[in-house]
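Enquirer: Can you read through this structure? Questions will come right after.
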Amino acid sequence: MRLIMLGPPGAGKGTQAAVVSQTHGIPAISTGDIFRANIKNETPLGLQVKEITASGGYVPDEITNAIVRDRLSEPDAAGGFLLDGYPRTAGQVDALDGMLAESGHALDAVVELTVDTEEVVQRLLARAVDQGRADDTEEVIRERMRLYAEETAPLAALYRERGLLTQVDGMGTVEEVTARIEAALADAARS
Ligand code: ADP
């Protein structure tokens, strides 16, 4: 299965991606995690993207696309994958289309987690305390939300036109949301 998980910062994409990945035996690939690991290890890529991610901006498409291309070429992604936090721009959608076309594969579904924005800001502020992420200050969170609304939310319409979009209510417990996602995936598989 080849899936995309869409949703604003703090919607719980990472948490749900981990569960779905386990259940379906596919790797969850998070561009945010890849960037954070590189920043932590002070790799050249990490140094390149550190400031951008800390301010809530988007890493340029050329960099992000190259990273995803590399990651998708690893053996564990050959039979399927779940992308968390990618694509985020129209340019990334095009790039991903190209990668899929080259490998002769198609997406099975795009799951959009919908949430109440204010509640999500509160979730992110709570997470900042737990995890100490540099991009979890209120100002940066607002900027990430703004960019999401401007650049990434419109991608849902694009996937809807392709008949791939399934919207899932992201509010509630982790288990409730997981159950909704699994129901949506089962529906998508039938249609
Ligand atoms: P969020 O909690 O905002 O969904 P992520 O962990 O997915 O955060 O990403 C953290 C940061 O990494 C983003 O704010 C952005 O700076 C950068 N990033 C992650 N994925 C992408 C992408 N697909 N394109 C551009 N920048 C990205």
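Enquirer: Given labels modelled 7 Å from the Cα in the Cβ direction, how far is it in nm from T137 to E175?
Expert: 3.9
Enquirer: Ignoring solvent entirely, what values of log10 I(q)/I(0) come out of the Debye formula for the chain at 0.08, 0.10, 0.11, 0.16 Å⁻¹ when each Cα is a single scatterer?
Expert: -0.24, -0.38, -0.47, -1.06
Enquirer: Still on this structure, I have one more. With a 1.4 Å probe and every protein chain left in place, work out the accessible area per residue of the chain in Å², rounded to a whole number.
Expert: Solvent-accessible surface per residue comes out at 50 Å².
Enquirer: Using modelled amide H (1.01 Å from N, peptide plane; none on Pro or chain starts), what sits under 5 Å from the amide H of F81, excluding residues fewer than 5 places away?
Expert: R2, L3
Enquirer: Hey, another quick one. At 222 nm, what value in deg cm²/dmol follows for the chain if DSSP H runs of at least 4 each add -39500 (n - 2.57) and the sum is divided by all its residues, to the nearest 500?
Expert: -18000 deg cm²/dmol
Enquirer: Sort out for me the Cα centre separation of the range 5-25 from the range 60-87, rounded to whole Å.
Expert: Using only Cα atoms, the two centres lie 15 Å from each other.
Enquirer: In whole percent, how big is the carbon plus sulfur part of the accessible area of the range 2-186, probe 1.4 Å, protein atoms only?
Expert: Numbers: 4630 of 8890 Å².
Here it works out to 52 percent.
Enquirer: Using a 7 Å offset from the Cα along the Cα-to-Cβ direction at both R162 and A18, what is the distance between the two label points in nm, to one decimal?
Expert: Output for this residue pair reads 2.8 nm.
Enquirer: Build a GNM of the chain with springs between Cα atoms under 10 Å: which of T15, T64, T23 gets the top mean-square fluctuation?
Expert: It is T23.
Enquirer: How big is the Cα convex hull of the range 89-176 in projection, averaged over all directions, in nm²?
Expert: Over all viewing directions, the range 89-176 projects a mean Cα-hull area of 7.3 nm².
Enquirer: Here's something else I'd like to know. Among S21, S103, S55, which one shows the biggest mean-square fluctuation in a GNM of the chain, springs joining Cα atoms closer than 10 Å?
Expert: Evaluated over the chain, the most mobile residue of the options is S103.
Enquirer: Something else now. First measure r as the distance between the Cβ atoms of E118 and S73, then evaluate 1/(1 + (r/R0)^6) with R0 = 35 Å and state the FRET efficiency to the nearest 0.05.
Expert: Numbers: r = 40 Å, r/R0 = 1.14.
That gives a FRET efficiency of 0.30.
The values are calculated or read from the model by the stated rules, or taken from the named source; none is laboratory data. Predicted model only: the values in this text are computed from it and were never measured. Ideal geometry is used to build each Cβ from the backbone, glycine not excepted, and the neighbour counts take in all protein chains shown. Remember, those area values only see protein heavy atoms, side chains included, never the ligands or the DNA or RNA. Shrake-Rupley method; radii C 1.70, N 1.55, O 1.52, S 1.80 Å.
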